[in-house]
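Chemist: Below is one structure. I have some questions about it.
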Amino acid sequence: MSTQNSQVRVRFAPSPTGNLHIGGLRSALFNWLFARHFKGVFLLRIEDTDQDRSTQEYTQAILDGFSWTGITFDEPILIQSTRKKVHQQLAQELVASGKAYKCYCTPQDLDDRLGSNAQGSDGEYRLYDRHCLHRHEAGITEDSSKPYVIRFKVPDHDTRELNMGLHFNDIIRDEVTFIREQFDDFIILRSDGLPMYNFAVVADDAYMSITHIIRGEDHLVNTPKQIWLYRACGWSVPLFGHVPLILGPTGQKLSKRDAATSVVDYKKNGFLPEALCNYLVRLGWSHGDQEIFSREEMIEHFSLKAIGKKGSMFDMTKLLWLNSVYIKRLTPAQIIERIFADMNVNLSQRYSTWSIDVLQKGIALFIDRVHTLKDFIEELDTLYQQPQLDQHTVEQLMTASGLTQQQLVAFLNDFVTYSGEHTKESYMQHVKQTCNTHVTTLKAVAHLLRYALVGKTESIGIGDCIVMIGWNESCNRLKKFIGKNF
Ligand code: GLU
């Protein structure tokens, strides 16, 4: 693969040390949209060089996350660890050309010379003192059987590389500047032969001919190191765009304490991938006031320049609203399928006494009321299962209705004698007639009736509840309620 390419080539490069994170999915979406907008190529690379923390399960979870969102990659997935030998060879070439050097200092040597804190009390990182570089320059040869790491020799102040590395134009953040004193000769190859992140990422991005690196802002500080490495290897430097982080309510990076951060949790909790993706793309990127985008619209309008420079606050209320918008676009049959596919809940089995028609009718009754697929299950459960009644709530509802216990019992005893048609309309007609007979109003009895039927005061209409529950079961529930000692 050549590193010169006019076609846009971007990638997402997760480390398989956890599930796909929503921040990662958002970066991937930005890359994917950028590639699609410019008819370029979007690639996936699994960065599994940290072998202690990377697992096959997490790789699979990341792939599953993408297949759920419908985001596809244009070339075979690159597994970083398969390129270990290339990384090792490249590191040795940098040593041979004097751009990197072998460092034999042990952790103990570093502690003795530089102090034992990885991070000093003033917040400064312990910087390597070039001990081995000086020895090498002084012609001192080391015992070659001793373990060593390879350190990159960071260009010094007066070199051309300096400006290129410490000062660069970020597509999203514009000018970014670092100071040289912040960096030391960082390790590119560990003593066990495994490459370090900054080195492997550059070697692989160049190998994959990546033209634009769009990733989270937490990698901004790595960019000077990567630019130096590109230049040392004689490769053209790609463009960088660092996306601001997703923030929690306190303004800090979103954490698990603020909201679920794994994509799989959204899937399990009944979010639709189209809603989550729409939400994440809009979180930080905008196109006028438009909130809802089809994939085609996103691709058409997407631009890195329209990504804000500030972090965006995660807003669950908005995500829930978007999810409800996308739910309304599905048919009951599709909703039943999605609940099975994403939440592993087979509604036909769960509500085995309901026909598929009744089940679909139930879904349709709640479609305007729910925010997640999970809400459907909770709502349908209340219709299907016997309600759990709470004495205190019954007493409160009784007081609110203005009915005496005797009046209510008489009302309900009369109500259950119905023998007319089994439609929502005729049930409602019957409720109203019974109200008239007992000189009360629908308003007075509605909460009590609903509570007796489904254990909740707010739900779909009473006529619909009775249709879904069935007349016989509704009578059973009402009689049980009458039998309660309130
Ligand atoms: N493996 C890195 C991560 O998961 C990717 C860094 C990059 O995109 O350059 O954070």
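Chemist: In what sequence do Ile356, Ile172, Ile299 fall when counting other Cβ within 10 Å, fewest first?
Modeler: Ile356, Ile299, Ile172
Chemist: Next question. By residue number, which cysteines of the chain lack any other Cys whose Cβ falls under 4.7 Å from their Cβ?
Modeler: Cys105, Cys233, Cys277, Cys435, Cys465, Cys475
Chemist: Then there's this: Using Cα pairs closer than 8 Å and at least 6 residues apart in sequence, work out the relative contact order for the stretch 361-460, in percent. Write out the running numbers ahead of the final one.
Modeler: Working: 58 pairs, mean separation 33.4, N = 100.
After rounding, I find 33 percent.
Chemist: Would you mind working out the magnitude of the charge dipole of the stretch 1-107 relative to its Cα centre, with +1 at each Lys and Arg C-beta and -1 at each Asp and Glu C-beta, to the nearest 20 Debye?
Modeler: Charge dipole, the stretch 1-107, about its Cα centre: 400 debye, nearest 20.
Chemist: Once amide H atoms are placed 1.01 Å from N in the peptide plane, what residues at a sequence separation of 5 or more from Ile213, or on another chain, have their amide H within under 5 Å of its amide H?
Modeler: Counting only residues 5 or more places away or on other chains, the set is Leu239, Phe240, Gly241.
Chemist: Report the relative contact order of the chain, percent, no decimals, based on alpha-carbon pairs under 8 angstrom and at least 6 residues apart.
Modeler: 13
Chemist: Which one, Leu127, Ile356, Ala341, is farthest towards the positive end of the dipole of the chain when Lys and Arg carry +1 and Asp and Glu -1 on their Cβ?
Modeler: The listed residue farthest towards the positive side: Ile356.
Chemist: For the stretch 45-95, what D do you get in µm² per second when you plug the Kirkwood radius from alpha-carbon pairs into Stokes-Einstein at 37 °C and 0.692 mPa s?
Modeler: Answer from the Stokes-Einstein relation: 259 µm²/s.
Chemist: At 0.36 nm per residue, and after removing the present C-alpha to C-alpha distance, how many nm does the segment from Lys484 to Ser348 gain when stretched out fully?
Modeler: Length gained between Lys484 and Ser348: 45.8 nm.
Chemist: Sequence neighbours fewer than 8 away in the same chain don't count; with that in mind, list the aspartates and glutamates whose C-alpha is under 13 Å from Lys479.
Modeler: Those aspartates and glutamates meeting the cut-off are Asp414.
Chemist: May I pose another question? By DSSP, what percent of the beta bridges with both residues in the chain are antiparallel, rounded to the nearest 5?
Modeler: Roughly 50 percent of the beta bridges in the chain run antiparallel, per DSSP.
Chemist: Report, ordered by chain and residue number, the lysines lying within cross-link reach of Lys102, taken as a straight Cα distance under 17 Å and ignoring same-chain residues fewer than 8 apart.
Modeler: Of all the lysines, those that pass the test against Lys102 - Cα under 17 Å, at least 8 places apart if same chain - are Lys146, Lys153.
Chemist: Starting from a Cα-only point model with no solvent, please compute log10 I(q)/I(0) by Debye for the stretch 313-395 at q = 0.17, 0.24 1/Å.
Modeler: Reported log10 I(q)/I(0), two decimals: -0.72, -1.15.
Chemist: Also, quick follow-up: Using the number of other C-beta atoms within 10 angstrom as an exposure proxy, rank Arg450, Arg350 with the fewest first.
Modeler: Fewest-to-most Cβ neighbours within 10 Å comes out as Arg350, Arg450.
Chemist: Before rounding to the nearest 500, sum -39500 (n - 2.57) across all DSSP H runs of length at least 4 in the chain and divide by the residue total; then give [θ] at 222 nm in deg cm²/dmol. Please list the in-between numbers first.
Modeler: Working: 22 runs with 231 residues, N = 486.
Helix-only estimate at 222 nm: -14000 deg cm²/dmol.
Chemist: Report the calculated FRET efficiency for Gln51 and Ser97 (r = Cβ-Cβ distance, R0 = 30 Å), to the nearest 0.05.
Modeler: My answer for the efficiency is 0.60.
Chemist: Right, here's the next one. For Asp265, Asp156, Asp464, what's the fewest-to-most ordering of other Cβ within 10 Å of each Cβ?
Modeler: Asp156, Asp265, Asp464
Chemist: Using 0.36 nm per residue, how much length does the chain from Ser255 to Ser81 gain when fully extended, once their Cα-Cα distance is taken away?
Modeler: Full-extension gain reported as 59.7 nm.
Chemist: Which value, in debye to the nearest 20, describes the size of the charge dipole of the stretch 163-285 about its Cα centre when Lys and Arg Cβ atoms bear +1, Asp and Glu Cβ atoms bear -1, and nothing else is charged?
Modeler: It comes to approximately 360 debye.
Chemist: Can you tell me what the convex hull of the Cα atoms of the chain projects to on average, as an area in nm²? Write down the numbers at each step before the final one.
Modeler: Values: hull surface 122.6 nm².
That works out to 30.6 nm², a quarter of the Cα hull's surface.
Chemist: Just check the stretch 32-134 against the gyration tensor rule for me: Cα atoms, a ≥ b ≥ c as the square roots of the eigenvalues, rounded for a/c under 1.5, and otherwise prolate or oblate depending on whether a/b exceeds b/c. Write out the running numbers ahead of the final one.
Modeler: On the way: a/c = 2.52, a/b = 1.95, b/c = 1.29.
Since a/c reaches 1.5 and a/b is larger than b/c, the shape of the stretch 32-134 is classed as prolate.
Chemist: Work out the charge dipole of the chain with +1 on the Cβ of Lys and Arg and -1 on the Cβ of Asp and Glu about the Cα centre, then indicate which of Cys465, Asn169, Val237 is farthest towards its positive end.
Modeler: Going by the Cα projections, it comes out as Cys465.
Chemist: So, one more: Give me the extension gain from His131 to Lys318: residue separation times 0.36 nm, minus the current Cα-Cα distance, reported in nm with one decimal.
Modeler: Here the segment from His131 to Lys318 would lengthen by 61.8 nm.
Chemist: Please compute the modelled spin-label separation between Asp368 and Ser355, points set 7 Å along Cα→Cβ, answer in nm with one decimal.
Modeler: 2.6
Chemist: Give a quick list of trypsin sites (Lys or Arg not before Pro) in the stretch 1-79 that DSSP marks as loop, anything other than H, G, I, E or B, with at most 15 other Cβ atoms within 10 Å. Show your work: numbers first, answer last.
Modeler: Values: sites: Arg9, Arg11, Arg26, Arg36, Lys39, Arg45, Arg53; in loops: Lys39, Arg53.
Passing sites in the stretch 1-79 are Lys39, Arg53.
Chemist: With +1 on each Lys and Arg Cβ and -1 on each Asp and Glu Cβ, how big is the dipole of the chain about its Cα centre, in debye rounded to the nearest 20? Please list the in-between numbers first.
Modeler: On the way: 53 positive and 57 negative charges, 128 e Å.
I would put it at about 620 debye.
Chemist: What ranking do 313-320, 417-424 get when scored by the average of other Cβ atoms within 10 Å per residue, highest first?
Modeler: Values: 313-320: 15.5, 417-424: 11.9.
The peptides rank, most packed first, as 313-320, 417-424.
Chemist: Less than 25 Å apart at the alpha-carbon level, and either on another chain or at least 8 residues along: which lysines does that give for Lys328?
Modeler: Lys267, Lys268, Lys318, Lys361, Lys374, Lys424, Lys456
Read-outs throughout are calculated quantities, based only on the coordinates presented, and are distinct from any laboratory measurement. Quick caveat: nothing in here was measured; it's all calculated off a predicted structure. Note that each Cβ is placed from the backbone with ideal geometry, even for glycine, and that neighbours are counted across all protein chains shown.
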